[in-house]
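S.K.: Just dropping this structure here.
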């Protein structure tokens, strides 16, 4: 446990099996939306989406190219700063290409709204978004991803790529952080 964080335990909210089943379903919907594409550019928002993007692209029955963009509004904390910074840009070009942006969680909505606007300025043919988790109770901007894996209550969660102080990303499930001290 991070030395500068209070003690906590993690209660499972969404099982690995439920996540896998939902990703299969989402991949079918995405396949329908992008049927006929010559190559779908799947853009993962680092770092939290890396597990989700890996599982999602393996389920897609489409030609895909994977790229990453790193945007931050959290740092090591539990609350969004609401100031979105691009820390790592895409390596490839997306003009005229079909693009799917993959996010771990939509909370206030600032990050995905900012990234979507940033990428739209590069004139992709089609730009869609997917988030594993959605916390609509925390939304501050009018933004909704095109696909959502699971809607969750306003809880601090970890696992399946999502961290707390750079820990717990390796959990195979989504868990709620419960502070004990």
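The values are calculated or read from the model by the stated rules, or taken from the named source; none is laboratory data. Note that this is a predicted model, so its numbers are computed, not measured. Glycine also receives a Cβ, built like all others from the backbone with ideal geometry; neighbour counts cover every protein chain displayed.
S.K.: Could you look through the stretch 168-181, keep only residues that are surrounded by 13 or more Cβ atoms within 10 Å (Cβ to Cβ) and part of a strand (DSSP E or B), and pick out the one that is farthest from the chain's Cα centre (by Cα)?
M.R.: Among those that are surrounded by 13 or more Cβ atoms within 10 Å (Cβ to Cβ) and part of a strand (DSSP E or B), it is 177.
S.K.: What residue, among those in the stretch 62-73 that are in a loop (DSSP other than H, G, I, E, B) and surrounded by 14 or more Cβ atoms within 10 Å (Cβ to Cβ), is modelled with the highest pLDDT?
M.R.: Going through the qualifying residues, I end up with 62.
S.K.: Which condition breaks for residue 9 when tested against (1) closer than 22 Å to residue 167 by Cα; (2) in contact with a strand residue (DSSP E or B) (Cβ under 6 Å, 6 or more places away or on another chain); (3) modelled with pLDDT under 95; (4) surrounded by fewer than 20 Cβ atoms within 10 Å (Cβ to Cβ)?
M.R.: Residue 9 satisfies every listed condition except (3).
S.K.: Of all residues in the stretch 26-37, how many are at pLDDT 95 or above and either loosely packed, with under 12 Cβ neighbours inside 10 Å or out of contact with any strand residue (DSSP E or B) (no Cβ under 9 Å at 6 or more places or on another chain) (or both)?
M.R.: Here the count works out to 5.
S.K.: Being assigned to a helix (DSSP H, G or I) and either more than 16 Å from residue 40 (Cα to Cα) or touching a residue at least 24 places away in the same chain (Cβ under 8 Å) (or both) is the filter here, so list the residues in the stretch 103-125 that pass it.
M.R.: 110, 111, 112, 113, 114, 115, 116, 117, 118, 119
S.K.: Additional query: Please give the number of the condition residue 100 fails out of (1) without any contact (Cβ under 8 Å) to a residue 40 or more places away in the chain; (2) within 14 Å of the chain's Cα centre (by Cα); (3) part of a strand (DSSP E or B); (4) more than 19 Å from residue 160 (Cα to Cα).
M.R.: Only one criterion is unmet by residue 100, namely (1).
S.K.: Suppose the filter is free of Cβ contacts under 8 Å to residues at least 40 places away in the same chain and surrounded by 20 or more Cβ atoms within 10 Å (Cβ to Cβ); does residue 129 pass it?
M.R.: For residue 129, the condition - free of Cβ contacts under 8 Å to residues at least 40 places away in the same chain and surrounded by 20 or more Cβ atoms within 10 Å (Cβ to Cβ) - is met.
S.K.: With respect to residue 99, determine if the residue is in contact with a helix residue (DSSP H, G or I) (Cβ under 9 Å, 6 or more places away or on another chain) and at pLDDT 95 or above.
M.R.: For residue 99, the condition - in contact with a helix residue (DSSP H, G or I) (Cβ under 9 Å, 6 or more places away or on another chain) and at pLDDT 95 or above - is met.
S.K.: Within the group 104, 89, 154, which residue is loosely packed, with under 13 Cβ neighbours inside 10 Å and touching a helix residue (DSSP H, G or I) at 6+ places or on another chain (Cβ under 8 Å)?
M.R.: None of the others qualify; the one that does is 154.
S.K.: Restricting to the stretch 138-159, name every residue that is within 18 Å of residue 171 (Cα to Cα) and assigned to a strand (DSSP E or B).
M.R.: Answer for the stretch 138-159, where residues must be within 18 Å of residue 171 (Cα to Cα) and assigned to a strand (DSSP E or B): 149, 150, 157, 158, 159.
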